[in-house]
Structure formats: C-alpha cells, structure tokens
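Bear in mind these aren't lab numbers, they're just calculated from the coordinates by the rules spelled out. Please read these numbers as outputs of a predicted model, since none were measured by experiment. Every residue, glycine as well, gets a Cβ built from its backbone with ideal geometry; the counts of neighbours run over all protein chains shown.
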2 protein chains.
Amino acid sequence: MKTIRIGLIGFGTVGSGTAEVLRLQADRLRKRTGCAFVLKTVADISCQALPEQFKGIRLTKDVNEIFADPEIDIVVELIGGIEPAKTFLLKAIAAGKHVVTANKALISQHGREIFEAAAAKNVEVGFEASVCGGIPLIKALKEGLVANRIESVMGIVNGTANYILSQMTDFGKGFAEVLKDAQAKGFAEADPTYDVEGIDTAHKLAIIMTMVYGMTISLDDISIEGISSIKPIDIAFAKDFGYRIKLLAITRNHGDHVEARVHPTLVPETHMLASINGAFNGVHFHGDMVGDVLLYGLGAGKMPTGSAVVADIVDIGRNIVNGAVNRVPSLGYQPAEIKPRAITPLSKLHGSYYFRMSVLDKPGVLAAIAGTLGKYGISIESVIQKRRHDTASVPVVIWTHETDESAVQQALAEIDAMDFCTDKTVKVRILEDQEG
Amino acid sequence: MKTIRIGLIGFGTVGSGTAEVLRLQADRLRKRTGCAFVLKTVADISCQALPEQFKGIRLTKDVNEIFADPEIDIVVELIGGIEPAKTFLLKAIAAGKHVVTANKALISQHGREIFEAAAAKNVEVGFEASVCGGIPLIKALKEGLVANRIESVMGIVNGTANYILSQMTDFGKGFAEVLKDAQAKGFAEADPTYDVEGIDTAHKLAIIMTMVYGMTISLDDISIEGISSIKPIDIAFAKDFGYRIKLLAITRNHGDHVEARVHPTLVPETHMLASINGAFNGVHFHGDMVGDVLLYGLGAGKMPTGSAVVADIVDIGRNIVNGAVNRVPSLGYQPAEIKPRAITPLSKLHGSYYFRMSVLDKPGVLAAIAGTLGKYGISIESVIQKRRHDTASVPVVIWTHETDESAVQQALAEIDAMDFCTDKTVKVRILEDQEG
C-alpha cells in the first residue's frame, strides 16, 4: 500500500485536532483511498511531549527537520498568524512539499505570494479549513459548482459574531454582557476586535471572492462594518418587522465590477440565513445554473477544522499517488486566468435601510429628520418613535424604501451633525426577500 | 489545449439543460480546467432537430453511433427509467467510455451491476445529479467529509413532496387540492405515486447510504411511508406544538446495523430542516469529526440538474487529462471494501410519536385508547380532542413520550380494530430537537 507522510507544524487546538482526526480515521481513509496517511513528525516549540495515543510520532522543536525530511510529502501549518507561519509555508514549498493550512489571515493577505511560489514548484496549497472550518465550501466552489457563474454570495462566516447576535436575539441581552459571557465560555477571544468588527469575516470574504471570481483582492477593497453598535432595541424592532440581524459577508457579481462588503444586515425570517444560529456558519450562493445553494456547519473548533484539514491532505495524497498534482488548480482557475477586478464603490449600492437615530425628545426633531431624508430623495416606509423614561435621549427608528447608499451617507452625515442628535445613527442594510 | 468529447443520450428537460450548461459555461470551464469540453453527438429518438444555438452538434436516432465513436470520452445518459437506460450505460461502459447519469432509479436498483462493469473496464461512473439535483452532495460525501464516520443523515430529498407539505402548511389546504394544483403547475407528475408515497425518496436514501457506509443496499431494506394520509389538521396541530411536518429520508449508524427509513416526520421549528420549504431539498449530516453539516439547494430542474451533470463531466475530464482515472472510487470506498450491512428492523426503533385517531364521539372511547396504550407501556404526553360538528367522526390527537416502535405497532393495530375507530390511525414520528 502507498503511504503519504505528513509533517505537522503547531500542536495547539487545531493541530492536535488534526492529529486526532488522522489517528481516529486512519482505517476509514485507507478503505476509501487505498493509501495510508501517516503523521510522521510534529514540530511545536512549546509542546513537551505528545499525548500517549500519539506514540511513534516524532516531536521536534526544530521545524527545519520537517522541511529537510525527504520522506515527508505534505506539510501542514497550523500555528496561525502571519509570521512565522508565512516563512514556514514558503520554506516547505521551496523544499518541494505540498502544504495545507487553516490560516485565513495569511491566505487572505499573502495568498498571492504563496500560490505563486507553489505554482513555481508545482506543489499544491490546501486551505479548505481557512474558511468556515468543517464545511466543504472551497471544494464546492472549485468542483461541485464548477459550471456556474456565481452571481452572489452571502455568508455568516464568523461564529463568534453570530453567537453574540443569537444570544442578544434569544435573551434580549446587551452586546457587552453577551460578549463578556462568550469570553468566559471561550467562544470569544480576550481581544474580540477581529470577530466583532468584521475583520475576520472580511478575511474569509476575500478568500471566497478569489475562488468565485478568479480574482486577486486586497483587504482594503472590502468595506467593513462590525456589530458593536447593535443594541437590543435594534434586534427587537427587527423581530417586530419579521427580520433577524446577522453579520454578513456579501459579494455580488456585476460583471465588470463586483461588490465586497461586510456589515450587519436585516435578514427576513423566511430566508435560510435567518435560521443559522449560535456558533454555526452558513454560506448562501446563487449560481446562474444551479440557483440557490446553502452550505451550513461549524465554522471553527478542534475536530471540525481538523476534518477539513484532513480532507485537504487526502485530496493532495490522491493526486500524489495518481501522478495528478494540481489536477484542480489551488484557486479554482488556471493561474494565468487569475486577474484583478474592479470593486463596486460602497456609495454605488442601492437598497433599503433601517436607521436608528438617538435624539433629544423635543419639538421639530422628526420634521428635521424627515426633511433631510426627503432632500436626498430617501423615501420613508415606516417611522417608530417610542417614549423612553430612563434617558433624555429617545430612539427614532426609520425604515426606508429603496434608495442609494450615497444619498444615505450624505443625509446621515447631515442629521448626525444636528444639535438634537445625541449619538451617531445606527444604520443596518435590509436584505430583500427576493434577493439571491 | 486538450479536448474532452461528450456523447449525450436523451435530449429532454435535463438533456437539453446539460447541453445548455456546456454551451453557456464553455469559456469558464476552459479557464478553470485548461480543457475544452465539447458536446459532439446527441442521440434522441424523438428530437427532429437541435435548437439553433447547438449547430455543429450531430443529432442521431442511433445511439450506437455514440458507443462506436472512438473520439467520445464520456457518455451521458439522461433518458431516465430502467430500460433502455441500463442497456445503454452498460454498452457505453463495454465500449470503454466513462459514463454520467442523473438516473436515481437505475443507480439505486441496478447500481451494483453498473459499478462492477465500470470497475472491470476501469472507467468512471458519475451520478452526482441522481441525488438532490444541483446540490454537490455526492462529492461532499466522497471527498469533503472523507475523514468522518457519518452518524446520521436526515434529508428532504423530494421537491414535490416538500412543495405539497409546504403549501398545506402555508395555506391550510388539503393534500388532494395542493396535489392537483402542483400537477397543473408541472411540479408534480400525472402519476404522483413515486413522489408522494416516498419511493423516490427511498431511491435517493439508498444511494446516500451506499456512499456513507460503503455498503450495498436493496430498496426492499428501506421502510417507506408517504405523505398522502397527512391532513391539514395534522399540520395545524404540529404548528401549535412548534413543529413542521416533513417527508424525511433517515439513516442512523449503529455500527453493526444501520437504520433505513422514509416517513413523514415532525421536525422542531428550530431545526434547520424545518426551514426548507417549497421545492427545495436539504440534507443534514452528522459526522463524528465535523459535527452537523447541512447542504441545501434545488433538487430538480433543467439547469440545476445540468449543473451537477457537468460537474461530473468536468471531474472525469480532469482525471482523463491527468491520467488519474478512478482517482476517487465511484462509490467513495475501494470496491473491495463495499459490503452488505445489517438493517435495523423498524420494530427496533425508539422515539416519540404523534397519533391522530379517527373515532366516533361516544363515551368510553378515550378510556379504551388510553388503556390500550398503557397496556403496551406507551406513556402519553398530551391529548387533544376537539369536537367537530361536520362529521360523526372526531379526531383524537395524542403525543407520546419516548417509546418503542414495536409497542406502537401492536397498540395501534389493536386500537384500529376497535369498533369506534372510523379510519386507520395516522402516525407521525417526532424528531427530537437534540437529535443529530
């Protein structure tokens, strides 16, 4: 039987999970592929000894042992972050090893350099685990949906943000309280900025867009808004109108330009994305041939991410034993076809909006707001103003008809500068039910 | 550039859809694969001429032209039914052609013969389109979830049945009325038996089980109940208790035996499967490593099914140009590993139930029912009896605690034989919210 030997860098949560998946599924993988997948060496600077069940696997603090080992076919990088992960991946590639990673920050920010180096050495780069953990999303885009022009992608791709919004929705709690609780339970990092401000979501959107469009993209091209300004009152108003608030990664294909944005969104309760709760992820595609497709599952965690890492290992292993390396190009398109594409400026967007203004409760306020919106051609669908007894400031909630983002930006800048405004207006875009 | 040439048998809905997908996506497929995918010949006995956009493609009434053409690499069978589809597939295989089909009846009933013939000639069999149309489900099972023991599968895999149940749920209409409407709109066949009685769902379950477990299975092993006895009153009671009624294909993995059943099921509204409405399909897997995964999309239709057929064509084409035929075995496991497995007898199931008895409204009826259930150890969670003025018969609805199917079968046989029973008891199994 043929044997594929693996070197693993990083024995933290996902690293040890991957080792466990390889160990627990060894027999199944052999029955499926006719090959043995053997974890030969683990490199980790802080691990003193591998757990009992991994006896026979070499542990080293010197990662170069892995690069120098001619028996190792595939190097798996699971330390995360940009450096030294990037250097390690490039060294592995230079040594002629295939590489697998779960590192979304690295792939989204330095993917180009890594993929070019891999192409030059004719080795493969697997990164299924970098987007939505265990969900076989990258493979679906590269292979299952190969015969589609993807018209739009809308994804809940950050479990922490989705957990926080779900808890706020189900229990009416405030953002800060839920975040603290999530941190205590290990569902959120000590510094939650990447998750709650949409940056991690943008990393994943960048990778998805590369795959979907065959394009290069920089993180700066993505307009990013997080969820930290969302209050229970917004979630309650959304509920009353039949919506849920979700942090979405969105891209739409306009042919000569493509949208790239991350922001909280009002999703109709009848849309599948509204049903994705807690730490789960889900990505909704609209393909011109296949129509709507949604993939759902756990986007993080030791074993789900390990499942995706091992799927990549097996995929590459099958190519090695069949002499079919790069049978499917790493980015889904032939390297020469990967090109930059224009990004739709956010100001060109068109849609309906939810606004929550924070204003002093005095005469003339609503007239001033309505007048300003009218001046910019923004048509109001509903207004809700509820008296509050606990503060001097009251919320005014407005649902608009379809309008232009540029008009919204100008109108809100003007309204927020008015002396009765006590805080910046919270703006949430509304996903129309008929939208792909 | 390398060229893969295709022969297509059958130019009906899916056949013409496949031809359209190949035509519309030709440039994308070339950019993705570096190959040209060319539809060379169409065989159809009733088509007089191909539409204008397909000029240059040969049309023949003699299918043997395709088998005899040494230039053709892949034969696509899209005529449906058992014969002559089976003969055509076997002839294509005998001629050394790779084959692709969307024919679930054929694959589920005669798959073994076809896969053995293909293995003997070292050609591939693609059948992604045979289960859930455009959803890349077979690929996910064979590759993306390769490193998982699948613990359970629960699927809404028949769009017609799901459309009927959704319409009954949303508009409170009766089964017969919705069915008639669905037939008028082309969503249901003139003879709807396969769809509404769960047979089509069982075909797909058989294929899924083969993939999941690496087993051979006969349709006779699957216990099948359809949806024709479901009434609006059942759907209304379900709603009151926070459930939706769905026709599910279910299998659970007990190691030495596996469940195989198709029946209407009460699904909690909070479960993702409850959100799958209209003609959509969705399949929920629980993998031991990845946890819960759900794939959702259109399970039928000209272009979605064409999308899946072309994904198979591209997959095989990539293997041809890379000299990697059967890189992934057709059934996901090495042929020698495909084995029969014991099926859990339905009587061994354990769970909660919804019963609707139809009884005469007279004293002692409830006591007789409750007494019989008690005799078999079936514990009642709720009883609802509502007076009806339009008929002599009244419904008695009972929700049970967890119990054994064998007890249920015995108790209901006894109750249905009682002289106050005016109709057979309707029995719907309840999916527990915590179930995989």
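Sorted from greatest to least, the principal axis extents spanned by the alpha carbons of the range B:346-405 come out as 39, 19, 18 Å. Annotation for A:ALA370, label-to-label distances across the other copies: 6.0 nm (shortest first, one decimal, point 7 Å from Cα along Cα→Cβ).
Remark: C-alpha extents of chain B on the principal axes read 81, 46, 34 Å, sorted largest to smallest. The Cα-based radius of gyration and maximum Cα-Cα distance (Dmax) for the range A:154-208 are 11.3, 34 Å. Using just its DSSP H runs of length 4 or more, each adding -39500 (n - 2.57), the protein assembly as shown gives a mean residue ellipticity at 222 nm of -10500 deg cm²/dmol after division by all residues.
A straight line joining the Cα centroids of the range A:69-114 and the range B:124-203 runs 42 Å. When the convex hull of its Cα atoms is viewed from all sides, the range A:144-298 shows a mean projected area of 9.2 nm².
Expressed in nm², what is the orientationally averaged projection area of the convex hull enclosing the Cα positions of the range A:212-333? Don't skip to the end; give the middle numbers.
Working: hull surface 41.9 nm².
Average of the hull's projected areas for the range A:212-333 equals 10.5 nm².
Under a Cβ-Cβ cut-off of 12 Å, what is the net charge of the residues other than A:SER223 that fall near it, where Lys and Arg count +1 and Asp and Glu count -1?
On the way: positive: A:ARG261, A:LYS348, A:ARG429; negative: A:ASP220, A:ASP221, A:GLU225, A:GLU259, A:GLU405.
With Lys, Arg at +1 and Asp, Glu at -1, the net is -2.
For B:THR216, nonlocal amide neighbours, meaning residues 5 or more places apart or on other chains whose placed amide H falls under 5 Å from its own, are B:LYS339, B:ARG341.
A cut-off of 5 Å between modelled amide H atoms, ignoring neighbours fewer than 5 places along the same chain, links A:THR3 with A:ALA36. Each part gets one Cα centre, and for the range A:335-363 versus the range A:243-281 those centres are 13 Å apart.
So if a site counts as exposed when it's one of the trypsin sites (Lys or Arg not before Pro), its DSSP state isn't H, G, I, E or B, and it has at most 13 other Cβ atoms within 10 Å, what's the longest stretch of chain A without one? With trypsin sites (Lys or Arg not before Pro) excluded where exposed in loops, chain A gives A:62-385 as its longest stretch. Scattering from the range B:19-147 was approximated by placing one identical point on each alpha carbon and applying the Debye formula without solvent; log10 I(q)/I(0) at 0.09, 0.10 1/Å stands at -0.28, -0.35. Here's how it looks for B:LEU349: its modeled amide H is under 5 Å from those of B:GLU405, B:SER406, which are all 5 or more places away or on a different chain.
Beyond 29 Å between alpha-carbons counts as too far, so tell me which of A:LYS139/A:LYS348; A:LYS61/A:LYS86; A:LYS97/B:LYS97; A:LYS302/B:LYS142; A:LYS40/A:LYS104; B:LYS139/B:LYS180 fall in that bin.
Details: A:LYS139/A:LYS348 32 Å; A:LYS61/A:LYS86 18 Å; A:LYS97/B:LYS97 35 Å; A:LYS302/B:LYS142 22 Å; A:LYS40/A:LYS104 25 Å; B:LYS139/B:LYS180 36 Å.
Checking Cα-Cα distances, A:LYS139/A:LYS348; A:LYS97/B:LYS97; B:LYS139/B:LYS180 exceed 29 Å.
Bridges between two residues of the protein assembly as shown, per DSSP, are antiparallel at a rate of about 65%.
For chain A, give me the percentage of DSSP beta bridges that are antiparallel, rounded to the nearest 5 percent. That works out to approximately 60 percent antiparallel.
For the range A:196-240, which semi-axes, largest first and in whole Å, follow from the square roots of 5 times the eigenvalues of its Cα gyration tensor?
Working: eigenvalues 170, 27, 10 Å².
Values for the range A:196-240, descending: 29, 12, 7 Å.
Inter-copy label distances for B:GLY81: 6.7 nm (label point placed 7 Å from Cα along Cα→Cβ; shortest first).
Please state, as a whole number in µm²/s, the translational diffusion coefficient that the Stokes-Einstein equation yields for the range A:316-384 at 25 °C and 0.890 mPa s, with Rh defined as the Kirkwood radius across alpha carbon pairs. Before the final figure, lay out each step's value.
Working: Rh = 18.0 Å.
Estimated via Stokes-Einstein, D reaches 136 µm²/s.
Using the Kyte-Doolittle scale, find the helices of chain A whose mean hydropathy is at least 1.0 and whose Cα atoms extend 20 Å or more along the helix's long axis, counting only whole DSSP H runs.
Numbers: long enough: A:104-121 (23 Å, -0.14); A:199-213 (21 Å, 1.04); A:302-321 (28 Å, 0.65).
For chain A, where a helix must reach 20 Å along its axis and average at least 1.0, the hits are A:199-213.
Counting Lys and Arg as +1 and Asp and Glu as -1 over every other residue whose Cβ lies under 15 Å from the Cβ of A:GLY81, the net charge comes to -4. Pairwise Cα distances in the range A:35-109 exceed 16 Å for 51 percent of all pairs. Starting from the range A:48-135, pick out the GluC sites (Glu not before Pro) whose DSSP state is loop and whose Cβ has at most 14 other Cβ atoms within 10 Å. Of the GluC sites (Glu not before Pro), the ones in loops of the range A:48-135 whose Cβ has at most 14 other Cβ atoms within 10 Å are A:GLU71. About its Cα centre, chain B has a charge dipole of approximately 1100 debye under the convention of +1 per Lys or Arg Cβ and -1 per Asp or Glu Cβ, with nothing else charged.
Quick one: if the Förster radius is 25 Å, what FRET efficiency do B:ARG112 and B:GLU83 give, using the C-beta to C-beta distance and rounding to 0.05? If you can, show how the numbers build up before the last one.
Working: r = 17 Å, r/R0 = 0.66.
According to the calculation, E is roughly 0.90.
Please report the net charge: other residues with Cβ closer than 15 Å to the Cβ of B:ASP240, K and R +1, D and E -1.
Details: positive: B:LYS231, B:LYS239, B:ARG244, B:ARG356, B:LYS386; negative: B:ASP234, B:GLU269, B:GLU381.
Net charge around B:ASP240: +2.
With +1 on each Lys and Arg Cβ and -1 on each Asp and Glu Cβ, how big is the dipole of the range A:144-298 about its Cα centre, in debye rounded to the nearest 20?
About 300 debye.
Checking a compactness column here: for the range A:283-436, what do you get for Rg(Cα) / (2.2 N^0.38 Å), N being the number of residues?
On the way: Rg = 24.4 Å, N = 154, 2.2 N^0.38 = 14.9 Å.
For the range A:283-436, the normalised Cα radius of gyration is 1.64.
Take the convex hull of the alpha carbons in the protein assembly as shown; its mean projected area over all directions comes to 40.1 nm².
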